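The values are calculated or read from the model by the stated rules, or taken from the named source; none is laboratory data. Predicted model only: the values in this text are computed from it and were never measured. Positions of Cβ are backbone-derived with ideal geometry, glycine not excepted, and every protein chain shown enters the neighbour counts. Accessible surface is based on the protein model in full, side chains and every heavy atom, while ligands, DNA and RNA are left aside. Shrake-Rupley method; radii C 1.70, N 1.55, O 1.52, S 1.80 Å.
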Amino acid sequence: MSTSLFLKSILNIDYLKSTFNSLASNPISSSETFVYGTSGFRMHNEKLDIPLFATCLITFLRTLYCGEFIGIMITASHNPPQDNGFKTIEPKGEMLPQSWEKYVTSIANSVKEDQFDTFLNTFFVIASEALKDVDIYNKDIKIIVGRDTRESSYRLVTFCKQFFNSVVKIFQKSVNFIDYGVVTTPQLHFIVRKHTLLKQSNKYDLPKEYFNEFFQPFINILNKSTHSKFKKLYIDCANGVGAVQLNQLKESFKNKTDKLEIELINTDYKDFSKLNVDCGADFVKTNQKLPQGVSPALAMNPENLFCSLDGDADRIIFYALDENSNFCLLDGDRMATLIGEYFIKKTPKNFWEDIKLGIVQTAYANGNSTSYITEELKLDVKCAKTGVKNLHHDAVENFDVGIYFEANGHGTVIFNDLFITKLKQENLTELSLFVNLINQAVGDAITDMFVIVAILIHLDINAKTWFSKYTDLPNRLVKCVVPDRTQFKTFDFERQLSKPEGLQDSINQIVSAPNSSKKTRSFVRASGTEDVVRIYAESSSMESVDAVITEVLKAIEDATT
Ligand code: G16
């Protein structure tokens, strides 16, 4: 039987038609062009019904393709409270394969066709291509959903539940739909992977599983330690889902160790309007200043350690104030370099002769962090396009131990069996305990926090010493609203623009002006998560950075009006 005929025989076409009709006639989203971007679909929550319908359809095809659980995470992560979004999660915790992104994008945009029959036909053409050569006939539909704390998230999850309860004709296929409620994005990646690897079809006790896997090893490391440099860890939860999950951790922490005290700040997830506002990883990184709730006096005390999560707890940024009240940003570049240094320090010299250790960054990485990696740590470094999915891929492709971090604090470490075997052969106990803390599936603010604190403890250093490893080039990242951000096309890992025509020439002239430092660099790219373009610049002084940003903004205006 052909794919189309098979799908026709199992799908509840009446349900699809009535849903299509109500969505296609909705004036709010029918004028939008949808793109499955850096992190899935993301926009104002009122415009998301069509992309969600498309996401449910692609998840349906994907679970038929894989015969395993596929996850849908409902979150807009660092975006403002009124936004929302979703992305799908593969059976082993990865992102949707890039070859499928065009399918979900086409499905979303074809909901605006006038006729349901035309839409259905497009869907069957896409399904036939996507499911080509795959046995889909004997596979069940298995879905896992999770959501962040946003006001609109519950409505979107309810749509998913309704969809999967209705999309298949009764008795034609079994549908297993598991709702994990309010979870962090990395927890949903973890749980989908766990269901797949252990062939589990019933719901897990997620907090127990997750904290046993990562939290207990962290407690073990803490309790064995004799560290002396800091006593208290302040965690800014961005008034998001991190607060829900870390509240539980804080309680068990008190009972299990007296080696570190934890204090949670910005935990008001019940007031939806506060999410990511004046707090959280994105706020701290972009503004390079303390979040609400952390006073300068507190931040200057070297016995305190500070970090901020973002709204769905997949990114983390550390920071401190020095004795002169200067802000010390310990971002993704700093975490990657600290982890690299730790691996080198804790292994014998010849360990890396037949195992490749390296770091993956993006164009946003500070130029001095890249120099530090190549010149001081003497490690290989690769540049990837923005989006952890791209960095993860490059880390797996290029390294046996791949450390990948975006400057915004999103990243993790991956390693293969070659490394684990050698670790055992060499009997490196401390490092063996340490790698248990790493969530290899995806960048995870909570486990990254454990990883960094464990390293600081093992090296017996505080934030100030960590910050002193190298000096960042002064830099700034700003957003600019343009008439149509899809006109901005990049190449060279997003470091250069091919369109709008002539804009790259203007940027080249600005950064190479006669009085400009050799270290001056700037690039422009369209965001995949917000309706803006981002402008990054770094140079030898903040005055020069600001001058470059002003000129690039002017060049963008000239090129787009
Ligand atoms: C998402 C992605 C990140 C990316 C960030 C910003 O983060 O997962 O990889 O760096 O968006 O992307 P863009 O510059 O394209 O808007 P999050 O934490 O918002 O999910």
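Details
- Yes/no for PHE124 being in the same structural domain as GLU68 (by TED's automatic domain parsing), of a type in the set (Phe, Trp, Tyr) and closer than 26 Å to LEU433 by Cβ: no
- In the set (1) in contact (Cβ under 8 Å) with a residue 40 or more places away in the chain; (2) outside any loop (DSSP other than H, G, I, E, B); (3) over 21 Å from ILE316 (Cα atoms); (4) open to solvent by 70 Å² or more (accessible area, probe 1.4 Å), ARG476 fails one condition alone, (3).
- Residue, farthest from ILE359 (Cα to Cα), within region 391-417, restricted to residues that are within 12 Å of the ligand (Cβ to nearest atom) and small (Gly, Ala, Ser): GLY409
- Filter result (within 28 Å of the chain's Cα centre (by Cα) and of a type in the set (Val, Ile, Thr)) within region 495-518: none
- Within region 274-309, considering residues that are touching a residue at least 60 places away in the same chain (Cβ under 8 Å), part of a loop (DSSP other than H, G, I, E, B) and over 19 Å from the mean Cα position of the chain (by Cα), the one farthest from PHE327 (Cα to Cα): GLU303
Residues are listed down the side, and each one gets a yes or a no for (1) surrounded by fewer than 17 Cβ atoms within 10 Å (Cβ to Cβ); (2) in the same structural domain as ASN439 (by TED's automatic domain parsing); (3) within 16 Å of the ligand (Cβ to nearest atom):
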| site | (1), (2), (3) |
| --- | --- |
| SER25 | yes, no, no |
| ARG42 | no, no, yes |
| PHE53 | no, no, no |
| GLU68 | no, no, no |
| ALA76 | no, no, yes |
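- Cβ separations smaller than 6 Å between residues 6+ apart or across chains give the following pairs from region 393-409 residues that are over 15 Å from LEU338 (Cα atoms) to residues that are β-branched (Val, Ile, Thr) and crowded, with 24+ Cβ neighbours inside 10 Å: ASP394/VAL360; ALA395/VAL360.
Condition check ((1) closer than 28 Å to GLU32 by Cβ; (2) surrounded by 21 or more Cβ atoms within 10 Å (Cβ to Cβ); (3) β-branched (Val, Ile, Thr)) across all residues:
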position: THR471; (1), (2), (3): no, no, yes
position: SER506; (1), (2), (3): no, no, no
position: VAL532; (1), (2), (3): yes, no, yes
position: TYR536; (1), (2), (3): yes, yes, no
position: MET542; (1), (2), (3): no, no, no
position: VAL548; (1), (2), (3): no, yes, yes
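- Any hit, region 59-66, residues being without any contact (Cβ under 8 Å) to a residue 12 or more places away in the chain, open to solvent by 30 Å² or more (accessible area, probe 1.4 Å), not basic (Lys, Arg) and not assigned by TED's automatic domain parsing to the domain that holds LEU391: no
- Take the conditions (1) surrounded by 18 or more Cβ atoms within 10 Å (Cβ to Cβ); (2) assigned to a loop (DSSP other than H, G, I, E, B); (3) in contact with a helix residue (DSSP H, G or I) (Cβ under 9 Å, 6 or more places away or on another chain); GLU494 misses just one of them, which is (3).
- ILE420, sole failed condition from (1) assigned to a helix (DSSP H, G or I); (2) open to solvent by 30 Å² or more (accessible area, probe 1.4 Å); (3) within 16 Å of the ligand (Cβ to nearest atom): (3)
- Scanning region 275-289 for residues that are open to solvent by 30 Å² or more (accessible area, probe 1.4 Å) and away from the ligand (no atom under 12 Å from the Cβ) returns VAL277, ASP278, PHE283, ASN287, GLN288, LYS289.
- Of all residues in region 106-124, those being free of Cβ contacts under 8 Å to residues at least 60 places away in the same chain, of a type outside the set (S, T, N, Q) and open to solvent by 50 Å² or more (accessible area, probe 1.4 Å) number 1.
- Matching residues in region 232-253 - criterion: being in contact with a strand residue (DSSP E or B) (Cβ under 6 Å, 6 or more places away or on another chain) and over 21 Å from ARG147 (Cβ atoms): LYS232, LEU233, TYR234, ILE235, ASP236, LYS250, PHE253
- Residues in region 6-29 that are hydroxyl-bearing (Ser, Thr, Tyr) and either touching a helix residue (DSSP H, G or I) at 6+ places or on another chain (Cβ under 8 Å) or not in a helix (DSSP H, G or I) (or both): TYR15, THR19, SER25, SER29.
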